[in-house]
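Participant: I have a structure I would like to understand better, so I am pasting it below and will then ask my questions one at a time.
The values are calculated or read from the model by the stated rules, or taken from the named source; none is laboratory data. All values derive from a computational prediction rather than experimental measurement. With ideal geometry, Cβ positions are generated from the backbone for all residues, glycine too; neighbour counts draw on all protein chains shown. Accessible surface areas use protein heavy atoms only, side chains included; no ligands, DNA or RNA. Shrake-Rupley method; radii C 1.70, N 1.55, O 1.52, S 1.80 Å.
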Amino acid sequence: MLIVSASILSADLCDLGRDMGRAKAAGADHIHFDVMDGVFVNNISYGIPVLESVRKNTDMFVDVHLMITDPIRYVDRFAKAGADNITFHVEAADDPDAVIEAIRRTGAKCGIALKPGTPAEAVYRYAGKVDMILVMTVEPGFGGQGFIGEMTDKIRLIRRYLDDNGIVCDIQVDGGINAKTSALVREAGANVLVAGSYLFGAPDMAEAVARMRS
Ligand code: DX5
Ligand code: ZN
């Protein structure tokens, strides 16, 4: 199933409730919530108190993307704050299996992410244990960057690995996704498309969502 996920990193954070309402009215399926710790990535975004407010304000599926070092420390608190899915970076965890188990124990869905420089093989052994693999299509840390074209090869490799092994798993992409790059990543095998600046910067968000789907 094709999912369009609106990254609120590009929303007006003083009017977050309004902007999440706009995303829902425009036809987006999920809210994408980026957590950055200033260590794993070179930026700091927002965390648990903001997620609690988001949770109170929307009935949409909230997808939390943890860009933090040693993510297992915070899994329970993000789940309690309202995450429907928690994605962590394979590069950030000493023991990815333990993080997956910790996320599973909370009842949330589970994703594993890889940075552009991390090879596809790094997540193969976790593929059967997670709901989603997030292929970063920019260096994590900032919205509004340009899509890295070579990532379509990585998406293809992962989709082929999943198919060859009979594994049902979503492939999410995040970074530089717009109408044009949506078509490229979908063709390569991605089915969960995150977009921030493209959606929140669009003159007509509903039209932008429709373009990502077409
Ligand atoms: C970047 C974040 C993204 C970001 C994407 O590290 O993970 O979710 O919001 O922004 P755009 O869609 O503007 O590239
Ligand atoms: Zn993200």
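Participant: Quick one: count up the residues across the stretch 9-42 that are in a helix (DSSP H, G or I), within 11 Å of ligand 1 (Cβ to nearest atom) and hydrophobic (A, V, I, L, M, F, W, C).
Facilitator: Step one: list which residues in the stretch 9-42 are in a helix (DSSP H, G or I), which gives 9-10, 13-25.
Applying the additional criterion that residues be within 11 Å of ligand 1 (Cβ to nearest atom) yields 9-10.
Of the ones still in play, those that are also hydrophobic (A, V, I, L, M, F, W, C) are 9.
Selection size over the stretch 9-42: 1.
Participant: Then there is this: I need the full set of residues from the stretch 178-214 which are of a type outside the set (Asp, Glu), at negative phi and not in a helix (DSSP H, G or I), in order please.
Facilitator: Correct list: 178, 190, 191, 192, 193, 194, 195, 196, 201, 202, 203, 214.
Participant: Among what's in the stretch 20-41 and is farther than 19 Å from residue 114 by Cα and within 16 Å of ligand 2 (Cβ to nearest atom), pick the residue that is most open to solvent (accessible area, probe 1.4 Å).
Facilitator: 29
Participant: May I ask you to say which residue of 1, 67 is crowded, with 17+ Cβ neighbours inside 10 Å and under 16 Å from the mean Cα position of the chain (by Cα)?
Facilitator: 67
Participant: Sticking with this one: Within the stretch 163-178, which residues are in contact with a strand residue (DSSP E or B) (Cβ under 8 Å, 6 or more places away or on another chain) and either open to solvent by 30 Å² or more (accessible area, probe 1.4 Å) or away from ligand 1 (no atom under 16 Å from the Cβ) (or both)?
Facilitator: Result: 169, 170, 178.
Participant: Among the residues of the stretch 97-136 satisfying the criterion of being over 19 Å from residue 83 (Cα atoms) and basic (Lys, Arg), which is least open to solvent (accessible area, probe 1.4 Å)? So that I can check it myself, show each step before the final result.
Facilitator: Going through the stretch 97-136, the residues over 19 Å from residue 83 (Cα atoms) turn out to be 97, 114-128, 135-136.
If we keep only those that are basic (Lys, Arg) as well, we get 115, 125.
Working: 115: 54, 125: 151 Å².
So the residue we want is 115.
Participant: State whether the residues of the stretch 49-68 include one that is in a helix (DSSP H, G or I) and in contact (Cβ under 8 Å) with a residue 40 or more places away in the chain. Reasoning before the result, please.
Facilitator: Looking only at the stretch 49-68, we keep the residues that are in a helix (DSSP H, G or I), and these are 49-57.
Subsequent filtering for residues that are in contact (Cβ under 8 Å) with a residue 40 or more places away in the chain retains 54, 57.
Within the stretch 49-68, one or more residues are in a helix (DSSP H, G or I) and in contact (Cβ under 8 Å) with a residue 40 or more places away in the chain.
Participant: Those residues that are farther than 16 Å from residue 88 by Cα and among the small types (Gly, Ala, Ser), I need them from the stretch 25-48; list them, please.
Facilitator: 25, 26, 27, 28 - these are the residues of the stretch 25-48 that are farther than 16 Å from residue 88 by Cα and among the small types (Gly, Ala, Ser).
Participant: Mind telling me which of the residues 141, 175, 117 ends up being within 22 Å of residue 43 (Cβ to Cβ) and without any contact (Cβ under 8 Å) to a residue 24 or more places away in the chain?
Facilitator: Details: 141 fails: without any contact (Cβ under 8 Å) to a residue 24 or more places away in the chain; 175 fails: without any contact (Cβ under 8 Å) to a residue 24 or more places away in the chain.
Every option except 117 fails the conditions.
Participant: Kindly indicate the residue of the stretch 179-197 that is open to solvent by 50 Å² or more (accessible area, probe 1.4 Å) and not hydrophobic (A, V, I, L, M, F, W, C) and also farthest from ligand 1 (Cβ to nearest atom) among those meeting that condition.
Facilitator: 187
Participant: Give me a count of the residues in the stretch 153-177 that are part of a helix (DSSP H, G or I) and either in contact with a Pro (Cβ under 6 Å, 6 or more places away or on another chain) or under 23 Å from residue 28 (Cα atoms) (or both).
Facilitator: 1
Participant: Would you point out which residue out of 147, 142 is over 12 Å from the mean Cα position of the chain (by Cα), within 16 Å of ligand 1 (Cβ to nearest atom) and open to solvent by less than 50 Å² (accessible area, probe 1.4 Å)?
Facilitator: Working: 142 fails: open to solvent by less than 50 Å² (accessible area, probe 1.4 Å).
Going through 147, 142 in turn, the sole match is 147.
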